Amino acid sequence: MNPLSYRRATFVEDAIVLPNAGHRLLGGGTNLIDLMRKGVERPTALVDVTGLSAEIEATDEGGLLIGAAARNSAVAAHPLVRARYPMLARAILAGASAQIRNMATVAGNLMQRTRCLYFQDAAGSRCNKRLPGSGCDAIGGFTRYHAVIGTSASCIASHPSDMCVALAALEATVHVTGGAGTRAIPFAEFHRLPGERPDIETLLEPGEVITAIWLPPSPFGARSTYRKVRDRASYAFALVSVAAGLTMRGGCIEDIRIAFGGIAPRPWRALRAEVALRGRPLAREAVLAAVAEDLAGAAPQPGNAFKIELAGRTLEAVLFDLCGRSR
Ligand code: SF4
């Protein structure tokens, strides 16, 4: 048995632990406890951060500030989230089960680890994310759920979150506090691509704690949504997912935001596709071409090359539905 200490942080300052590989912050525990059972995570000290702010409050600019300890279910059910950010409510409800959403926290959702089967097989598989330099048994293995873009020769794992895909499309900001003070990290930069160090997954410095997520006002409102394509109707991770919102003017796309899930090591903001579609009428060929351009750098495995076409077709379906048009 491994010795393990536990304490509960009441204030943010209590949660700022000295840089120590043995400490882990504990939110709802829906991922960390699983990984401890599997021997993937072996902390020596747990700092429970569920007592930090769980407030969800409107801000003066018309945005929304969500406390790090807010439960996923509380965020999805909040009237302001449902009215102003429906894609976020739908993304959360597309993830996991009701029981898990009741436990999981917003900050924990950002920090969850990949569900790569080889990463979770601590006893039998090589994994550069778990043990840097050991190799990657996923490459050449079962890759249906792995990433097709943003990967490296070290790691091809996909990011598992639904909620984070919507946060990427909404251009959220992650507020953090650490020994050096507070800072705000644009969501697009929060998760790192694997490169040669897939074990370093975010821009958080040792000792830093997520305190809140800020959402700027969204121009898309009801004309935004989240759609998840998966192997079964519930409790399954995305093969491909899309968070999208748009505004139309004079029959053309005036503004658009697109983020994909299930295809990259982090939520994949499709900036090139957005540029290609702005100012153009909504047309099937244009959407498919824009996605193909955005994913031109993809390096799929034999088991997941289908995701590139699936991403285009899913976005096409989402945009036509948002505009109330049939294809
Ligand atoms: Fe590990 Fe990444 Fe390879 Fe999966 S894809 S086994 S997480 S290195």
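The values are calculated or read from the model by the stated rules, or taken from the named source; none is laboratory data. All of these numbers come straight from a predicted model, not from anything done at the bench. Note that we place each Cβ from the backbone using ideal geometry, even for glycine, and neighbour counts take in every protein chain shown. For the accessible areas, the whole protein counts, side chains as well, though only heavy atoms, and no ligand, DNA or RNA atoms are used. Shrake-Rupley method; radii C 1.70, N 1.55, O 1.52, S 1.80 Å.
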TODO: Quick one: angle between helix 306-322 and the longest Cα principal axis of the chain, in degrees between 0 and 90, rounded to 10, please.
DONE: 60 degrees
TODO: Note the per residue figure in Å³ for the convex hull of the C-alpha positions in region 5-50.
DONE: 64 Å³
TODO: Treat each spin label as a single point 7 Å out from the Cα along the C-beta direction, and report the I200 to A123 distance in nm.
DONE: 3.3 nm
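For the chain, what is the charge dipole size about the Cα centre, in debye to the nearest 20, if Lys and Arg each add +1 at the Cβ and Asp and Glu each add -1 at the Cβ? Display every interim value, and only then the final one.
Values: 37 positive and 29 negative charges, 187 e Å.
Dipole size: approximately 900 debye.
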Task: Relative contact order for the chain, counting Cα pairs under 8 Å that sit 6 or more residues apart, in percent - done: 17 percent
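Pop out the Kirkwood hydrodynamic radius of region 131-289 from its pairwise C-alpha distances, inverse of mean 1/r, in Å to one decimal.
Details: mean 1/r = 0.0578 Å⁻¹.
It is 17.3 Å.
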TODO: May I ask which residue of G141, A123, H159 lies farthest towards the positive end of the charge dipole of region 97-160, with charges of +1 (Lys, Arg) and -1 (Asp, Glu) on Cβ and the Cα centre as origin?
DONE: H159
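Any chance you could run the full-extension gain for R42 through L193? It's 0.36 nm times the residue separation minus the Cα-Cα distance, nm to one decimal.
That works out to 52.0 nm of additional length.
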- [ ] Can you bin region 1-153 into rounded, prolate or oblate? Criterion: square roots of the alpha carbon gyration tensor eigenvalues sorted a ≥ b ≥ c, rounded for a/c under 1.5, prolate for a/b above b/c, oblate for the rest.
- [x] oblate
Task: Within region 100-128: backbone nitrogen closer than 16 Å to the A21 label point (7 Å, Cα to C-beta) - done: 127-128
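Over the chain, what percent of the accessible surface lies on carbon and sulfur atoms, probe 1.4 Å?
Details: 7870 of 14620 Å².
Whole-percent figure for carbon plus sulfur exposure: 54.
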- [ ] Please list the radius of gyration and Dmax for region 224-322, considering alpha-carbon atoms only, with Å as the unit.
- [x] 13.1, 43
Task: Shape of region 65-176, Cα gyration tensor, a/c cut at 1.5 - done: prolate
- [ ] With only alpha-carbon atoms counted, please give the Rg and Dmax of region 123-221, in Å.
- [x] 15.9, 48
Open item on the list: Using only the heavy atoms of the protein chains and a 1.4 Å probe, how would M87, M103, M36, M1 rank by accessible area, largest first?
Closed with: M1, M103, M36, M87
Open item on the list: Need the full-extension length gain, T182 to A317, defined as separation in residues times 0.36 nm minus the C-alpha distance. One decimal, nm.
Closed with: 44.5 nm
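Can you give the percent of C-alpha pairs in the chain whose distance is more than 28 Å?
On the way: 21223 of 53301 pairs.
For the chain, the share of Cα pairs beyond 28 Å comes to 40 percent.
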Open item on the list: What distance in nm separates the two pseudo spin-label positions at R115 and C252, each 7 Å out from Cα along the beta-carbon direction?
Closed with: 4.1 nm
Task: Additional length obtainable on full extension of the chain from F11 to D34, 0.36 nm per residue less Cα span - done: 5.7 nm
Open item on the list: With +1 on the Cβ of every Lys and Arg and -1 on the Cβ of every Asp and Glu, and nothing else charged, how large is the dipole of region 224-322 about its Cα centre, in debye rounded to the nearest 20?
Closed with: 240 debye
Task: Accessible surface, per residue, of the chain when the full set of protein chains is kept, probe 1.4 Å, Å² - done: 45 Å²
